[in-house]
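Structure, as structure tokens:
Read-outs throughout are calculated quantities, based only on the coordinates presented, and are distinct from any laboratory measurement. Just so it is clear, the structure is predicted and the values come from calculations on it, not from any experiment. Neighbour counts run over all protein chains shown; Cβ positions are idealised from the backbone, glycine included.
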Amino acid sequence: MQDSVVLVTGASGGIGFVCAEVLAARGAQVILVGRDQQKCADAAAAIKNSTDNRKISFEVADLSLLQEVRALASRILHKHGHIDVLLNNAGGFYRQRQITTEGLEYTFALNHMAYFVLTSLLLPALGQAKQGRIINVASGAHRRGRMNFEDLQGKLAYAGWPAYCQSKLMNVMFTYALARQLEGTAITANSLHPGFVRSAFGHNNPGFAGLVVRLSQILLAISPEAGAKTPLHLACAPELADSSGKYYEKSQAVISSPESLDTAAQDRLWQISAEIAASIP
Ligand SMILES: NC(=O)c1ccc[n+]([C@@H]2O[C@H](COP(=O)([O-])OP(=O)(O)OC[C@H]3O[C@@H](n4cnc5c(N)ncnc54)[C@H](OP(=O)(O)O)[C@@H]3O)[C@@H](O)[C@H]2O)c1
């Protein structure tokens, strides 16, 4: 990874932080993205300290807002001629329905639209790399996801876990559609499940839901270091230079849910996402 330019979203904690740190240790120029200035500064300082790599920078953006995603992309394109690895990782589980100031449902905005818009805008820089890699952190929870095209943002009925599972299904479907569009280029696109990881995932939820997540993490989850293994494999393994349009678990390409493989649904999701992005200036 020596001198590769890597951008990791959600790098202020959890799986994203470990990925950023390991990539820095391997010599990459790492750009951390997070929403909190102080957390990002602390994460960047910790990585510089532990790796002795000075090529660590950070960008602050609330990725639930398309305006901030676009401003982030424009700063990145201005500062970096090429990007070797884009790791779309920032995401979360929100039990209560929330609406962003741009009018989108929060889970949909952060977990799906941010991946969609940031990736689209950074494609020119990924195309300038010798072999650009787009890695979308999805989840095994995508298998429980159902695409509700009539009510994608839960206006009629919202429940946090189904909304999360649907958003992770979108990650897998978006990756397949993207990989098809990138055929014939040197850019690859893959998605993955990191495992059930002991991170801050779900801790934002008050009451019973937050408690259940914390307890299950104590009892069942793997460490963030273990959770980072599959995304790191996708970012670094030389033998994956031609691997695209795949879904990975435990560093192996496996078959994702039957619903995720529906190419017409993938294209429909793409079309709707592009329309929503265009409707928010
Ligand atoms: N943990 C699991 O068991 C598990 C399982 C399957 C898939 N995943 C997926 O793995 C990814 C990473 O999750 P994690 O477990 O590492 O969770 P985490 O510890 O909560 O980390 C999430 C990261 O995303 C950042 N983030 C959250 N909202 C953001 C926003 N609006 N704008 C910018 N950054 C934002 C967080 O920043 P702050 O530090 O400011 O909160 C943090 O850096 C997610 O996509 C999740 O769906 C996790």
* Any of 168/250; 168/246; 55/79; 79/130 with alpha carbons more than 20 Å apart? Name them for me. => none
* **Packing-based order for 22-31, 196-205, using average beta carbon neighbours within 10 Å, highest first** => 22-31, 196-205
* Anisotropy class of the range 139-219 from Cα gyration tensor, a/c 1.5 cut -> oblate
* Which one of 175, 51, 107 has the biggest mean-square fluctuation once the chain is modelled by GNM with Cα springs under 10 Å? -> 51
* Order these peptides, 148-158, 116-126, by their mean beta-carbon neighbour count within 10 angstrom, highest first. => 116-126, 148-158
* Alpha-carbon Rg with Dmax, taken over the range 113-173, Å -> 14.3, 46
* Asked: Quick one: net charge of residue 213's neighbours, Cβ under 12 Å, K/R +1, D/E -1?
  -> +3
* Estimated distance in nm for a label pair at residue 148 and residue 219, the labels positioned 7 Å out from Cα along Cα-to-Cβ -> 2.8 nm
* For the range 177-281, what percent of Cα pairs sit more than 21 Å apart? -> 55 percent
* Asked: Percentage of Cα-Cα pair distances in the chain greater than 28 Å, rounded to whole percent?
  -> 29 percent
* To do: Would you kindly work out the equivalent ellipsoid of the range 156-196 from its C-alpha gyration tensor and give its semi-axes, the square roots of five times the eigenvalues, largest first in whole Å?
  => 27, 13, 4
* Asked: Given a Förster distance of 45 angstrom, what is the FRET efficiency for residue 71 paired with residue 50, based on the Cβ-Cβ distance and rounded to 0.05?
  -> 0.90
* Structure fact -> Ordered by fewest other Cβ atoms within 10 Å, a rough proxy for footprinting exposure, 225, 249, 275 read 275, 225, 249
* Reported to two decimal places, what Rg/Rh ratio describes the range 79-185 when computed on Cα atoms with Rh from the Kirkwood expression? -> 1.02
* Structure fact -> In deg cm²/dmol, rounded to the nearest 500, the helical mean residue ellipticity at 222 nm of the chain, built from -39500 (n - 2.57) for every DSSP H run of length 4 or more, is -14000 deg cm²/dmol
* **Globularity index of the range 46-93, i.e. its alpha-carbon radius of gyration over 2.2 N^0.38 Å** => 1.35
